Each structure stands twice: as C-alpha cells, then as structure tokens.
Amino acid sequence: MSSKNRIIPSRKEILQHFDKNDTVMAQLIRESGPIKLKRNRKYFKVLCNAIIGQQISVAAADAITIRFNKLFNGNLPTSKAVIQLADIDLQKVGLSKQKVAYLKDLSFYFHEKILLPHRLHYMDNDEVICQLTRVHGIGRWTAEMFLIFSLNRPDVLPIGDLGLQLALKKLYRMRKLPTIKRMQSIGKKWNPLETVGTWYAWRAQDEKDVSY
C-alpha cells in the first residue's frame, strides 16, 4: 500500500474490522464514539510537543506546552524563534536541560533544511522513523507520535508508550504490564489499523483526547 493512500477508514469499516478480529476493542469503540484524529500539518510544532511530552504525564506535558507556547507571543513556535531563545528561558517553562538541547537540535535541523518534513509524507513508516531519529533527542516513540498525529498513518503501534501499556493491562485484564511480545500479538489482531486501536486504548486510560 502506498503511503499516499493510507488513511483512517470510516467508522463502519473500523467496526467491521474489529468485530472480526478483536471483540474487546470493538466494544470499546462502540462505547467511545467516533475517532477524533485529525492530521496536524504543523510539523515543527508536533515534534516540539512530542519532545516536551517524553517520559512525563499528560498533565505535566500540557502545562509545560502551554508555558512554552506563551514564549512566542501568540504565534506558532518556529525553528528560528526557538534557536533565538536563551536556554534559561526555555528551562523556566519547566523543560530540563536535556529537552532544551533536544529542541535546539530539532530547530537546527529544520532551520538549516537538513530535515525536509514535507517529504516524509511520501515515505513508508520505517523510512520516516529513520529520518526523524537522526535528530538528537528524537527516538522511535517521538517519531511514532509524528506518524500518528502529523501523517495520520493508520498502522502505528507505539510499543514503548506507557499510556498504551497501562490501557492494554486494563482492557485485557492483565495482572501486570504487557510484554513486548504480548503487545505485538495484540497489534497483529489490529493490523492494519494499529493506530485506531491505540487511540481508543488511550481513551480507555484517559478520556481526554490525546493530541500533539
């Protein structure tokens, strides 16, 4: 399947798929309503938000992101604007020194056009991950968030995401967090709609819509 043709299908098609492959998820989808996942073409902003959200709670990430955005006086953050900010000003909004360094490196890649994000739309998932993880501080999880929220790829299963792990433990009544093998097994049942399953699993864990 060409990456250009990969789209989130209709609710009817989603339910048909999960009714056939995973009745637990099918029930959750019916209880939760339609998926609210819109493609965000503000690529730089999405990656900034994903870096901010690394390894912290959704609530903490939201608070820091609000303060981060206020640094730009109502404008969208740009690579040039982030480069020009003093490290101490970024730390004051709650960012660690490490995340400040990550945001600066991301800004450098965008500003110098080393990374051309609009070309990523035409690459497959693994190619996108390979391109993005060249930036210091962007690992597989951050690249997967980009695939989900910027490119709306339907077949992304972020195995390293704690929120997804907690949700699967709850949904499938596991005694402990699922192993990688167990998550991959669930992902196979969801394929090629792993993103859809992930989004609804997040909703089961936290009713607030996840976005970047």
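Highlighted here are the helices (runs of 4 or more DSSP H) found entirely within region 1-113 that include at least 1 residues which are touching a residue at least 60 places away in the same chain (Cβ under 8 Å) and not acidic (Asp, Glu): 11-21, 23-32, 43-52, 58-70, 97-111. Within the set 129, 138, the sole residue that is in the same structural domain as residue 101 (by TED's automatic domain parsing), buried (at least 17 other Cβ atoms within 10 Å of the Cβ) and touching a Lys or Arg at 6+ places or on another chain (Cβ under 7 Å) turns out to be 129. All of (1) surrounded by fewer than 19 Cβ atoms within 10 Å (Cβ to Cβ); (2) more than 21 Å from residue 133 (Cα to Cα) hold for residue 68 with one exception: (1). Residues that are more than 20 Å from the chain's Cα centre (by Cα) and assigned by TED's automatic domain parsing to the domain that holds residue 170 do occur in region 33-52, at least one of them. Quick check on residue 113: is it in the same structural domain as residue 48 (by TED's automatic domain parsing) and at positive phi? Considered against the rule, which asks whether it is in the same structural domain as residue 48 (by TED's automatic domain parsing) and at positive phi, residue 113 comes out as yes. Scanning region 183-200 turns up no residue that is touching a helix residue (DSSP H, G or I) at 6+ places or on another chain (Cβ under 9 Å), more than 24 Å from residue 109 (Cα to Cα) and modelled with pLDDT under 95. When the residues of region 102-124 are filtered to those that are under 17 Å from residue 136 (Cβ atoms) and among the hydroxyl-bearing types (Ser, Thr, Tyr), the one that is surrounded by the fewest Cβ atoms within 10 Å (Cβ to Cβ) is 109. Quick check on region 171-202: of everything there that is more than 14 Å from residue 26 (Cβ to Cβ) and among the small types (Gly, Ala, Ser), which residue is surrounded by the fewest Cβ atoms within 10 Å (Cβ to Cβ)? Ranking the candidates gives 185 first. Evaluate the following for residue 44: is it within 24 Å of residue 202 (Cα to Cα), among the aromatic types (Phe, Trp, Tyr) and surrounded by 18 or more Cβ atoms within 10 Å (Cβ to Cβ)? Taking the combined requirement at face value, the residue satisfies it.
Note on region 172-197: residues that are outside any loop (DSSP other than H, G, I, E, B) and either within 21 Å of residue 145 (Cβ to Cβ) or not assigned by TED's automatic domain parsing to the domain that holds residue 30 (or both) total 10. What tally of residues in region 139-171 results from selecting those that are over 9 Å from the mean Cα position of the chain (by Cα), in a loop (DSSP other than H, G, I, E, B) and at pLDDT 95 or above? Here the count works out to 6.
The values are calculated or read from the model by the stated rules, or taken from the named source; none is laboratory data. The model shown is predicted, which means the values in this text are computed figures rather than measured ones. Neighbour counts run over all protein chains shown; Cβ positions are idealised from the backbone, glycine included.
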